[in-house]
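The values are calculated or read from the model by the stated rules, or taken from the named source; none is laboratory data. The structure displayed is predicted, hence computed values, not measured ones. No Cβ is skipped: glycine too gets one built from the backbone with ideal geometry, and neighbour counts run over all protein chains shown. Quick note on the areas: whole protein, heavy atoms, side chains included, nothing else; ligands and nucleic acids left out. Shrake-Rupley method; radii C 1.70, N 1.55, O 1.52, S 1.80 Å.
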Number of protein chains: 2
Amino acid sequence: MVRKPAGAGRRAGESGTREAILASARRSFYELGYDRTSVRGIAQAAGVDPALVIHFYGSKQQLFVRVVELPFVPAEVLPRILEGQSSHVGARLARFFLGVLETEESRLRIIGLVRSAASEPEAALMVRELISRELFVPLIEGLGSADAPLRASLIGAQVVGLVMARYIVAVEPIASIESDVLERILAPAFQRLLVGTLDSANDATPS
Amino acid sequence: MVRKPAGAGRRAGESGTREAILASARRSFYELGYDRTSVRGIAQAAGVDPALVIHFYGSKQQLFVRVVELPFVPAEVLPRILEGQSSHVGARLARFFLGVLETEESRLRIIGLVRSAASEPEAALMVRELISRELFVPLIEGLGSADAPLRASLIGAQVVGLVMARYIVAVEPIASIESDVLERILAPAFQRLLVGTLDSANDATPS
């Protein structure tokens, strides 16, 4: 292929191509879901070579993260949460999430995602994939717990509920409670869902 | 005041009056919140006598319940959840909520309320008032637990998160798990939030 010479024109073209790939990816994830979306299909719909998709965005997983516009990269976050005693992994997960939510820009992205998920199938899909694939299932599998998908969906419910209650519905006092207090309240709940007994019928000492 | 004679005309007029009161109440709860809304103010805005508001709807509390269109009356539900051993109140709350959510008509109302709360301030207010006033705070006060508003807002987050995850975002397997299994999973979480230790810093044996 003949490469265009570097210059102002090339910059605009590259930017347009990146946008076209992103739009194609967004449509494909929405219409086909994560599994049936392929880099090849995204490239074809955008009218570019698959290698260009990889060049700009790295992988299908990274493209997905870019489409949902998460304020963090799960692959970078997971090792930090997994590292350390498993008896404190709930506290580490709580601290990570509250850290994300206490930073204005990332808080707004998460709020936007949860709010959209309530009414837009595309955003709901993104939240589903995030819960079941990108973040919680790998985390729970990394901990060696059984029932990873179930635990992941329960943690997803907690996180979505927290975002709704604290920032969207804004019910007091959870809306204004200090982050470190909330962290200590969430930690044991996350701990149970990550590595504890889920079904109270299987618990020898139900409270 | 001169009463209109009974007949077809009266029925239509009564229906219109009831509607006007409801519309006035909806506006007032939205604009002023529950506290600053009065039966007198609702009546005035609807152009009727306050006695007529009471005659049709009973009380400000009942009017509020009517406006949010909850599929249950909190005052009737609370005694049933409170009755019995406090060591199983979490299970009773879980059973009650899943019962509401497993019935199609009431499930649709709750889903509508949660979905609206994500984008409409009016619905968010309704959910706030429900959590902080109508249902959870009276329940927790009835159990004699400290920090009733905080516990109520945490339970509210759980319930809203459950509705989002199971019915709106529909993440698997929480979306299709059987109700009795989910009940046994939710029971200990509710139990802790209703009567257990909230802050893990105050817990002698953090897990």
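Residue by residue through A:132-139, how many Cβ atoms from other chains fall within 10 Å of the Cβ on average?
Other-chain Cβ atoms within 10 Å of each residue's Cβ, averaged: 1.
For the stretch B:8-68, what log10 I(q)/I(0) values come out of the Debye formula at q = 0.12, 0.28 1/Å, with one point per alpha carbon and no solvent?
-0.24, -1.22
Given a Förster radius of 30 Å and the C-beta distance between residue A:75 and residue A:15 as r, what FRET efficiency does 1/(1 + (r/R0)^6) yield to the nearest 0.05?
E between residue A:75 and residue A:15, to the nearest 0.05, is 0.70.
What do the square roots of 5 times the Cα gyration tensor eigenvalues come to for the stretch A:91-139, in whole Å, largest first, as semi-axes of the equivalent ellipsoid?
Output for the stretch A:91-139: semi-axes of 19, 16, 6 Å.
Would you kindly calculate the mean projected area, averaged across all directions, of the convex hull enclosing the Cα atoms of the stretch B:6-116, in square nanometres?
Dividing the Cα hull surface by four gives the mean projection, 9.3 nm².
Treating the point 7 Å from Cα along Cα-beta-carbon as the label, what are the nm separations from residue A:80 to the other copies, to one decimal?
4.7
For a Förster distance of 25 Å, can you work out the FRET efficiency between the beta-carbons of residue A:180 and residue B:141, rounded to the nearest 0.05? It would help to have the intermediate numbers written out before the result.
On the way: r = 27 Å, r/R0 = 1.06.
Efficiency, from the Cβ-Cβ distance: 0.40.
Most fluctuating residue of A:138, A:79, A:188 in a GNM of chain A with Cα springs under 10 Å: which is it?
For chain A, modelled as a Gaussian network with Cα springs under 10 Å, the answer is A:79.
If one computes P(r) from the Cα atoms of the protein assembly as shown, what percent of pairs lie at distances over 35 Å?
The share of Cα pairs beyond 35 Å in the protein assembly as shown comes to 37 percent.
Which whole-number value in Å² is the accessible area per residue of chain A, probe 1.4 Å?
48
Just which residue of chain A brings its Cβ nearest the axis of rotation onto chain B, and by how many angstrom, rounded whole?
A:161, 1
Over chain A, what is the relative contact order in percent, taking alpha-carbon pairs closer than 8 angstrom and at least six residues apart?
19
Which of rounded, prolate or oblate describes the stretch B:74-198 when judged by the alpha-carbon gyration tensor and an a/c cut-off of 1.5?
oblate
At residue B:15, with labels set 7 Å past Cα in the Cβ direction, how many nm apart are the copies from this one, shortest first?
So the label point of residue B:15 gives 6.0 nm to the other copies.
Name the GluC sites (Glu not before Pro) in the stretch A:107-196 that are in a loop by DSSP and that have at most 12 other C-beta atoms within 10 Å, would you? Show your work: numbers first, answer last.
On the way: sites: A:122, A:129, A:134, A:141, A:178, A:183; in loops: A:178.
Here the sparse-neighbourhood loop sites are A:178.
Set the Förster distance to 35 Å, then compute FRET efficiency between residue A:172 and residue A:32 from the Cβ-Cβ distance, nearest 0.05. Walk me through the numbers on the way to the answer.
Values: r = 42 Å, r/R0 = 1.20.
Here the calculated transfer efficiency is 0.25.
In nm, what does the list of distances from residue A:45 to its counterparts in the other copies look like, shortest first, when each label sits 7 Å along Cα to Cβ?
Here residue A:45 shows inter-copy label distances of 4.6 nm.
Per residue of B:120-127, what is the mean number of Cβ atoms on other protein chains within 10 angstrom of that residue's Cβ?
Whole-number average of other-chain Cβ neighbours for B:120-127 is 2.
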